[in-house]
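Q: Below are the structure tokens for one structure; questions will follow.
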Amino acid sequence: MYNPETDLLFPPRCLPVLGALRGPAWQELVTRVQTAGPDSREQMAFILMMARLDNCATCNADSFRAMTGCTACAKQAVKRSHETDQALVALYQTARAEVDQYLQNELPNFLKNPTPSHLATKSTGSSNK
């Protein structure tokens, strides 16, 4: 059975419903991540943390989790987590450090230097006549 509310990984569209599920530290984290841009490292780290918490890698189209959808799965995972709010924030900080490390070490050169080589100023000393 296909549910259009189901994605491969935790979708950021689920963020608004997660804030009220825990205490102030969790609420502040969710608010901060929501206000960050969709391509921000904050959202990338939160998606990574939630994918681990929700165990997204083991979800498949025939599973109960997939049939109920990502929002319900994420809410249930956050509610049922035995971690304190501070421990969840620490999990986020660990994910954030992993995202930062990956982006520092693994960015292709064309992303490190966004100026295309054909637009870069060349100082070859010769002129085209």
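Quick note: the coordinates plus some simple rules give every number you see, no bench work behind them. It should be emphasised that the depicted structure is a prediction, and the values quoted were computed from it without experimental measurement. For neighbour counting, all protein chains shown are included, and Cβ atoms are generated from backbone atoms with ideal geometry for every residue, glycine included.
Q: Nearest 20 debye, what's the magnitude of the dipole of region 12-110 about its Cα centre given +1 on Lys and Arg Cβ and -1 on Asp and Glu Cβ?
A: 360 debye
Q: According to the square roots a ≥ b ≥ c of the eigenvalues of the Cα gyration tensor, what is the shape class of region 12-110, taking rounded for a/c under 1.5, prolate for a/b larger than b/c otherwise, and oblate for the remainder?
A: In terms of gyration-tensor shape, oblate.
Q: Of ALA95, SER81, ALA51, which is farthest towards the positive pole of region 12-110's charge dipole, taken about the Cα centre with +1 and -1 on the beta-carbons of Lys, Arg and Asp, Glu respectively?
A: SER81
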